[in-house]
Every structure is written in C-alpha cells, then in structure tokens.
Amino acid sequence: MTKTALVVGSSGIAGSAVAAELVDQGWRVLGLARNPVAQTGVTPVAADLQDPAATAVALADARPDAVFLTTWSRQATEADNIRVNAAMVRSVLDGVRPAGSVTHVALVTGLKHYLGPFEAYGKGVLPQTPFREEQGRLDIENFYYAQEDEVFAAAERDGFSWSVHRPHTIIGKAVGNAMNMGSTLAAYATLCRETGRPFRFPGSEAQWNGLTDMTSASQLARHLVWAATTPAAANEAFNVVNGDVFRWKWMWGRIADWFGVEAAEFDGTVRPLEIQMADDAPVWRALAEREGLVEPDLGRLSSPWHTDADLGRPIEVMTDMGKSRRLGFPDYQPTDDAFFALFEQLRAERLIP
C-alpha cells in the first residue's frame, strides 16, 4: 500500500527537498505551508500553525503515516522562539492525532543544538568538535529543545517512533526563506560582478582557515526518508552533513570562479554581508528588470544576517555522522557540487542571471 507523508514546511529549503524525495520514492505527499507553492506530485495543504483550531481542520482528512517537521518561525527573542515554535509543533501533532495513523515523526533542527540559540550563538562553553549526538543539550534555553520535547511527549502519548535531524547550514533553493546561505552567496557574487566590487569573504579568520562542513537539501531529504523507513534508526537523534570537509579559503575561490569574479584576498577583517549588501536592493531590482529575473526583491532571495552568523563564528565547526554510518546510511554529497547544482537551478529558474 502507498504510504502517505505530511511534510510541514513544504515550501522551504528542507521541506521542498524532502517532498520531492518522497514523491520519487512513491509516497503520497501532502505539503503543508501557510502559502503552499505548486510542486509536482505534492498535494497542497494550507494552514497557519499558530492557529491550532484551523490547523486541526486542515489536517482532519490527512491520515499520514509519517510526519516531517521542517519549519520554524523566527521571533524577536529566544523566549518567543520557544513559545511560538513549540506551539507550532504541538498544533501539527494534535491535528493528526485523532486519525491514529502516524507511525513516525521526523523533526529537523540544526547545529544550534550544540552552538546555542541566536541570542548566545557560539558563545560560552561549547562542546568539542566534531559535534557528536551524545554531547547532548547546553544548559541554556533553546527553541530546538522545546520542539524536541513536544515530539517526545507526543510520541510517548500516541505510540509513534521519532527521529531528530541536525543538519549544518543547508544548501538548497527556496524563495523567501529566512536562512539561505546558497542563494545569499549567489546574489552577493552576482552583485559584485554587476558593480565591480571585490568578492570579499564576510566572516571570521576561524571560518576562513578552519575546517567545516555543510548539508545539501537533497542529502538531508534522503536522510529523513531513510530514518523514517529504517527500524534501527527509530527514536534516535542524528547529525547529517554531506560527508566532506573543506576550508572556506578554498571554497570561496570555487564560488568566485563559477560566477566569473575574482576572490579578494582575506586580510582577517570581518566584513558582514548585512553591511556590504545594505544598499543593494535598488541595484538588484534594476538588474532583475534588465535581465528578466523573476524575483526583483533582494530581501526574498538573500538572508545576509544568517550567512553572517554562520561565517562569523569564532570557532571551527564540524559534525560527526558516525551514528548514521553505523546504522547503514551511505550517501555522500561533495559540497562544491551542491553549491554548483543550486546555482545552476537558480539560473535555470531565472532567479539569478
């Protein structure tokens, strides 16, 4: 029998990728978002997760076998992040509860599990890298922990298995996404080429010289479906990255070459993209009009604040995937290939020239 998946946040980077992967693997896929976008093979479900009653109505006939939670809502403070995002998870799990159909729930969080929330990001005493799942929680409030606790409580109550997935920075396509390094760097490189400005690394010396890793949306999607269909992976938290490591001083040149710009030498000065791109909205709008691009609003294509947070970290950040490998997850994705595939997609869909 065909299984049914409910992908919550189906218009985002992770959600759209896992929805596509599920369709490819023959699942019936319901894609829930506040404003769903058309996606081949995905049945749209519109719901505001901050409205539990409306969410329950939207999910009344869903009857999913598996639920993939890939969304969050950014708030002004971590206290608000905890309140709002925990309630959103609760709305979904309460909404699917009456049907009694759910056998597995997968939750996507990230490395803020180890690095702390935005208000204390990369500060204080942090676990050693590479991060391993058994290192557990920091002694600080974090909306990721609150989301996990909602899933754990519902699993205990309703009898389904769960998995938690902690990607590093995700490389993938989504317009209007709050955390989108790949599209941000694509827009920045395009603007540097357009204006003749140097293509300058915006972050810290630790990130420029240190080893790091990332997660392609397709790799994350395969991992999510693997965990949902592998009994040995039930009730486990996993790191998920591409499987390679690199230094930004190498990757920066690779990205520059793809866009045909020269990578400026890094002199150790942090130059945040929020500052570098602060006045670029009208430049992008004019470029989009001239080149026939489909998104003239630079703010919907890029998220400099989030790229600055990742590239400005004062410590080397890598993750360990040993748990997944031991349980049989084999997939690997070179990170430069993931960037290039995204850039090709952005160009093909007329999001960049």
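Computed values, structure above
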item: Answer residue from the range 216-249, given it is over 17 Å from Ala17 (Cα atoms) and among the aliphatic types (A, V, I, L, M) and is surrounded by the fewest Cβ atoms within 10 Å (Cβ to Cβ) among those; result: Ala232
item: Helices (runs of 4 or more DSSP H) wholly inside the range 176-260 that include at least 3 residues being closer than 27 Å to Gln25 by Cα; result: 217-229
item: Elements of type strands (runs of 3 or more DSSP E) in the range 42-157, at least 3 residues being open to solvent by less than 20 Å² (accessible area, probe 1.4 Å) and under 26 Å from Trp226 (Cα atoms); result: 66-69, 104-108
item: Residue in the range 336-348 that is modelled with pLDDT of 95 or more, in contact with a helix residue (DSSP H, G or I) (Cβ under 8 Å, 6 or more places away or on another chain) and closer than 30 Å to Ala234 by Cα present; result: yes
item: Of residues in the range 317-353 being among the aliphatic types (A, V, I, L, M) and open to solvent by 50 Å² or more (accessible area, probe 1.4 Å), the one farthest from Val240 (Cα to Cα); result: Ala348
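The values are calculated or read from the model by the stated rules, or taken from the named source; none is laboratory data. Keep in mind that what you see is a predicted model, and the values were worked out from it rather than measured. So basically every Cβ, Gly included, is an ideal-geometry build from the backbone, and we count neighbours across all protein chains shown. Side chains included, ligands, DNA and RNA excluded: accessible areas come from the protein's heavy atoms. Shrake-Rupley method; radii C 1.70, N 1.55, O 1.52, S 1.80 Å.
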